[in-house]
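Below: the structure, in structure tokens.
The values are calculated or read from the model by the stated rules, or taken from the named source; none is laboratory data. Everything numeric here is computed off the predicted structure, so don't read it as measured data. Cβ placement follows ideal geometry from the backbone for every residue including glycine, while neighbour counts extend to all protein chains displayed.
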Amino acid sequence: MSVVSELRRGRYAELALVVATIVGLAAAAVHWIGLAVGGALVGVLATSLRRAVPQGLTFGGVAVALHVGIVWWHGALDALFSTGILFALTVGIGFVLPVLAAVGARALVSDD
């Protein structure tokens, strides 16, 4: 059994997913490409290609919620919402990019 296969279904599968999410969020805090990195990390850990979609969506949802929470903490939530289409684009990219990365990464990594 390979290491990736062990991380997908083994004893530490949940821990590996949490660590991948934290690493992805840390990367996304530095640069927007971190959304793709986090999506790819959670996608590699998905048990199937079909399961990579909700894992990517979940990672994207956590990233968007964290972003909105940070903006709220700094008191600029009204300004964020008033940007209109830019806010919608931010939310859309926050969900779509991790899903595409998760599905792509899972499709490239074999099931060994």
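What the table below lists for this structure:
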{"item": "Test: residue in the range 48-61 that is crowded, with 18+ Cβ neighbours inside 10 Å, out of contact with any strand residue (DSSP E or B) (no Cβ under 8 Å at 6 or more places or on another chain) and of a type in the set (A, V, I, L, M, F, W, C)", "result": "yes"}
{"item": "Identity of the residue in the range 29-47, aliphatic (A, V, I, L, M) and outside any helix (DSSP H, G or I), that ends up surrounded by the most Cβ atoms within 10 Å (Cβ to Cβ)", "result": "LEU45"}
{"item": "Residues satisfying the stated conditions in the range 8-20, i.e. surrounded by 15 or more Cβ atoms within 10 Å (Cβ to Cβ) and over 14 Å from ALA52 (Cβ atoms)", "result": "ALA16"}
{"item": "Selection from the range 14-46 of residues that are β-branched (Val, Ile, Thr) and closer than 13 Å to ARG106 by Cα", "result": "VAL37, VAL42, VAL44"}
{"item": "Filtered residues of the range 23-60 (kept if farther than 22 Å from THR90 by Cβ and either in contact with a His (Cβ under 8 Å, 6 or more places away or on another chain) or not β-branched (Val, Ile, Thr) (or both))", "result": "LEU45, ALA46, SER48, LEU49, ARG50, ARG51, ALA52"}
{"item": "Residue match in the range 61-68 (condition: at pLDDT 95 or above, of a type in the set (Gly, Ala, Ser) and more than 18 Å from LEU89 (Cα to Cα))", "result": "no"}
{"item": "Residues located in the range 94-112, provided they are at pLDDT below 95 and β-branched (Val, Ile, Thr)", "result": "VAL109"}
{"item": "Complete set of residues in the range 1-23 that are touching a residue at least 40 places away in the same chain (Cβ under 8 Å) and among the β-branched types (Val, Ile, Thr)", "result": "VAL4, THR21"}
{"item": "When residues of the range 72-81 are limited to those that are modelled with pLDDT of 95 or more and part of a helix (DSSP H, G or I), the one surrounded by the fewest Cβ atoms within 10 Å (Cβ to Cβ)", "result": "TRP73"}
